[in-house]
1. Can you spot a residue in the stretch 71-81 that is open to solvent by 10 Å² or more (accessible area, probe 1.4 Å) and under 25 Å from the mean Cα position of the chain (by Cα)?
2. Quickly run through the stretch 9-41 and pick out the residues that are among the hydrophobic types (A, V, I, L, M, F, W, C), open to solvent by 20 Å² or more (accessible area, probe 1.4 Å) and touching a helix residue (DSSP H, G or I) at 6+ places or on another chain (Cβ under 9 Å).
3. Within the stretch 124-136, identify whether any single residue is among the basic types (K, R) and surrounded by 14 or more Cβ atoms within 10 Å (Cβ to Cβ), and answer yes or no.
4. Kindly evaluate S250 against the criterion of being in contact with a Pro (Cβ under 7 Å, 6 or more places away or on another chain) and either surrounded by 21 or more Cβ atoms within 10 Å (Cβ to Cβ) or part of a helix (DSSP H, G or I) (or both).
5. Enumerate the pairs (first residue in the stretch 150-170 and more than 15 Å from F206 (Cβ to Cβ) and crowded, with 16+ Cβ neighbours inside 10 Å; second residue anywhere and of a type in the set (G, A, S) and at pLDDT 95 or above) with beta-carbon separation below 6 Å, excluding pairs fewer than 6 apart on the same chain, so at least 6 apart or on different chains.
6. Output the residues belonging to the stretch 177-212 that are of a type in the set (V, I, T) and either under 26 Å from I243 (Cα atoms) or in contact with a strand residue (DSSP E or B) (Cβ under 8 Å, 6 or more places away or on another chain) (or both).
7. Which residues, taken from the stretch 84-140, are outside any strand (DSSP E or B), of a type in the set (S, T, N, Q) and out of contact with any Lys or Arg (no Cβ under 8 Å at 6 or more places or on another chain)?
8. Restricting attention to the stretch 90-123, and to residues there that are among the hydrophobic types (A, V, I, L, M, F, W, C) and open to solvent by 20 Å² or more (accessible area, probe 1.4 Å), which single residue is modelled with the lowest pLDDT?
Amino acid sequence: MFEKRYYYLITCQYLGYRFHGWQKQPQLKTVHLMIDKTLNFILEGKRFKTLGSGRTDAMVSANEAAFELFLYHEIEDLEAFLTHFNHNLPQDIRALTITEVNADFNVIQDSKIKEYIYVFAHGNKFHPFCAPVITTILDPLDTEAMKVGAKLFEGLHYFKSYCYKPTDHGVYNREIITCEIIENTLFTANFFPEQSYLLRVKAKGFMRNQIRLMMGVLIELGKGEKSLQDISDSLKPDNQIAIHYIAPASGLILNKIEYDTLPNVSTN
């Protein structure tokens, strides 16, 4: 007998500082593990499956991530479900929205744009409470040079140097829609430094550690250890520019995911 399935897109946010990334791993606390544990509790053991839109690394946070929930029973009251879900999630994970979609929607394969931000400050030792969301570079940085350098990543380029452990079979010609360094007005707190910055990057997808490697070379540029020409050359095939510095994970935040279409939308 055919068993009808129901499909829901859930957006969420989380502070990644105490998690070993999104993906489930043996004997490690991950975001996906905690979400599934909570769902198993509130669904009282009913059959379900979840699929994330992508992975984030250990200590990386999300202002807006997404996952798909597959059920064999219909959620009659989406708003009540969302409230009950949040009541039982740990305090560093929060569900934002729930939307009913149909079987044609695929949270991974459907066309989407991801926006990441990397929050950083420089030139001093700042309050320890900043550590989960701000990377502190103790040396002074030439942020004006870094702003120019960030723009070099925009457009279609060869990003093999910005992939962790690349192979000879990867697709490295990729397009960055937006890449800019701006002053941070998105996240504020009374213990934050007086001035902090965001690297904002938008694209349809990213390779492993790509943004942290991009941020790493921009930090080296800000220190005077790399030049603008080095960045330009690093984006060409068969370049010999060594890119080794992976910026710390805790400053990286998945800011939002934009889907082109949501079939048969029914929102809470």
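1. Our first condition is that a residue be open to solvent by 10 Å² or more (accessible area, probe 1.4 Å); within the stretch 71-81, this holds for 72-81.
If we keep only those that are under 25 Å from the mean Cα position of the chain (by Cα) as well, we get none.
No, the stretch 71-81 contains no residue that is open to solvent by 10 Å² or more (accessible area, probe 1.4 Å) and under 25 Å from the mean Cα position of the chain (by Cα).
2. Taking the stretch 9-41 and keeping what is among the hydrophobic types (A, V, I, L, M, F, W, C), we get 9-10, 12, 15, 19, 22, 28, 31, 33-35, 39, 41.
Of the ones still in play, those that are also open to solvent by 20 Å² or more (accessible area, probe 1.4 Å) are 15, 28, 33-34, 41.
Answer for the stretch 9-41, where residues must be among the hydrophobic types (A, V, I, L, M, F, W, C), open to solvent by 20 Å² or more (accessible area, probe 1.4 Å) and touching a helix residue (DSSP H, G or I) at 6+ places or on another chain (Cβ under 9 Å): just F41.
3. Quick first cut of the stretch 124-136, residues among the basic types (K, R) only: 125.
Now restrict to residues that are surrounded by 14 or more Cβ atoms within 10 Å (Cβ to Cβ): none.
Scanning the stretch 124-136 turns up no residue that is among the basic types (K, R) and surrounded by 14 or more Cβ atoms within 10 Å (Cβ to Cβ).
4. Working: in contact with a Pro (Cβ under 7 Å, 6 or more places away or on another chain): yes; either surrounded by 21 or more Cβ atoms within 10 Å (Cβ to Cβ) or part of a helix (DSSP H, G or I) (or both): yes.
Here the answer is yes, as S250 does meet what is asked.
5. So the pair list comes out as L152/S232.
6. Here is the first cut: in the stretch 177-212, the residues of a type in the set (V, I, T) are 177-178, 181-182, 185, 188, 201, 211.
Residues satisfying the conditions are I177, T178, I181, I182, V201, I211.
7. Of the stretch 84-140, the ones outside any strand (DSSP E or B) are 84-92, 102-111, 123-134, 138-140.
Pick out the ones that are also of a type in the set (S, T, N, Q) and you get 86, 88, 91, 102, 106, 109, 111, 124.
Listed by number, the residues that qualify are N88, Q91, N102, N106, Q109, N124.
8. I108
The values are calculated or read from the model by the stated rules, or taken from the named source; none is laboratory data. Keep in mind it's a predicted model, so treat the numbers as computed, not measured. Here the Cβ is made from the backbone with ideal geometry for all residues, glycine too, and neighbour counts use every protein chain on show. For accessibility, only protein heavy atoms count, side chains too; no ligands or nucleic acids. Shrake-Rupley method; radii C 1.70, N 1.55, O 1.52, S 1.80 Å.
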